[in-house]
Amino acid sequence: MSTQESIETASLDGEFEGHHVVITGGTGALGAAVVSLLLERGAWCHVPYMDQTGGLDGLTHSRLNLVPGIDLRMETSVGSFYAGLPKLWASIHLAGGFKPGAVLDTALADLEEMFLLNAGTSFLCSREAVRSMQGQASGGRIVNVTAKAALVPTAGIVAYSVSKAAVIALTTSIAEEVKERGILINAIAPSIMDTPANRRSMPEADYSKWPSTSEVAEAVLFLASPRNTLTSGATIPVYGRM
């Protein structure tokens, strides 16, 4: 790391000091990278999960609140989770699912499944985050996750692409609704990320072109941070060299 990079990193220490942040999907590869960076920078991290801590196995921290048994597809589960938290500065929604399938191989049930996992969970969490943040002088920040396939036509994943495109529409719609409340909401659109699981499933790929989870996490943190004072309703591509 260069001297300049060290200075810049040091300047970010404490930027989330005292701020409470929700991270859904926080036990996955990208989620664990986001949680680690937030803890380094002073945040209180609240991570809902169903039954496994995954990428956070073994991680303990006084500002890490792991909340088991939360089904993000269920309105009552999401509502009770958010209602039990302190006022939030940010809510980051990385939870979701993936299912391949060409149009002729895709049933309506497949589309419904992808829509609920991706757009449905983002809707419920965004709504409850707005409920928590409204009325705060400082406003708040919300970050959703869509995908490159929602922006760039991609064959063979129709249900997934449709559900991730809905996340973009959700984000822009909410941004317009809450812009007078100081709440900024954006989405990131990753391509394939460099994770152990992706390397195993695509052993012949050129991993050097994939963005790392730490690089994508930095983009997420900027949008969720007090440094972001203007950007809302945007979808930010984080493709690496894909």
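Mean separation of Cα pairs under 8 Å and 6 or more residues apart, divided by the residue count, gives region 100-200 a relative contact order of 37 percent. Its Cα centre serving as origin, the chain has a Cβ charge dipole (Lys and Arg +1, Asp and Glu -1) of approximately 280 debye. In the context of the full set of protein chains, the chain has a per residue accessible area of 47 Å² (1.4 Å probe).
Measuring nothing but how far apart in sequence close Cα pairs (under 8 Å, 6+ apart) lie, relative to its length, the chain scores a relative contact order of 19 percent. Selection among Y160, A83, I192 by position relative to the dipole of region 67-213 gives A83 as farthest towards the positive end (Cβ unit charges, Cα centre).
Quantify, in whole percent, the carbon and sulfur part of the accessible surface of region 185-242 (1.4 Å probe; protein heavy atoms only). Carbon-and-sulfur percentage of accessible area, whole number: 57. Dividing the summed helix terms, -39500 (n - 2.57) for each DSSP H run of n ≥ 4, by the number of residues in the chain produces a 222 nm estimate of -11500 deg cm²/dmol to the nearest 500. Which number gives the lysine pairs in the chain that have C-alpha atoms under 17 Å apart and are eight or more places apart or on different chains? Summing the qualifying lysine pairs gives 4. 3J(HN,Hα) along region 19-32, derived from phi through the Karplus expression 6.51 cos²θ - 1.76 cosθ + 1.60 where θ = phi - 60°, amounts to 8, 9, 10, 8, 10, 7, x, x, 9, x, 4, 5, x, 5 Hz, with x in place of Gly and Pro.
Note on W89: accessible area approximately 20 square angstrom, rounded to 10, probe 1.4 Å, nucleic acids and ligands left out. Across region 1-128, the convex hull enclosing all Cα atoms gives 139 Å³ per residue. Positive contributions from Lys and Arg (+1) and negative ones from Asp and Glu (-1), summed over other residues with Cβ under 15 Å from the Cβ of L124, come out at 0. For a modelled paramagnetic label at D57, 7 Å from Cα along Cα-to-Cβ, the residues of region 18-46 in reach, with backbone nitrogen under 15 Å, are 27-29, 32. Along the axis of the charge dipole computed for the chain (Cβ charges of +1 for Lys and Arg, -1 for Asp and Glu, origin at the Cα centre), the listed residues G31, S201, I92 are led at the positive end by I92. Listed values for region 107-124 are Karplus-derived 3J(HN,Hα) couplings in whole Hz (6.51 cos²θ - 1.76 cosθ + 1.60, θ = phi - 60°), namely 8, 4, 4, 5, 5, 4, 4, 5, 5, 5, 5, 9, 6, x, 5, 5, 4, 4, and x replaces Gly and Pro. Secondary structure note: in the chain, about 0% of the DSSP beta bridges are antiparallel.
In this label model, E17 and M50 are separated by 4.0 nm, measuring between points 7 Å along each Cα→Cβ vector.
Counting only Cα atoms, the chain measures 50, 45, 35 Å along its principal axes, largest extent leading.
The values are calculated or read from the model by the stated rules, or taken from the named source; none is laboratory data. These figures come from a predicted structure and were not determined experimentally. Here the Cβ is made from the backbone with ideal geometry for all residues, glycine too, and neighbour counts use every protein chain on show. Just so you know, the surface numbers come from the protein's heavy atoms only, side chains and all, with ligands and any DNA or RNA stripped out. Shrake-Rupley method; radii C 1.70, N 1.55, O 1.52, S 1.80 Å.
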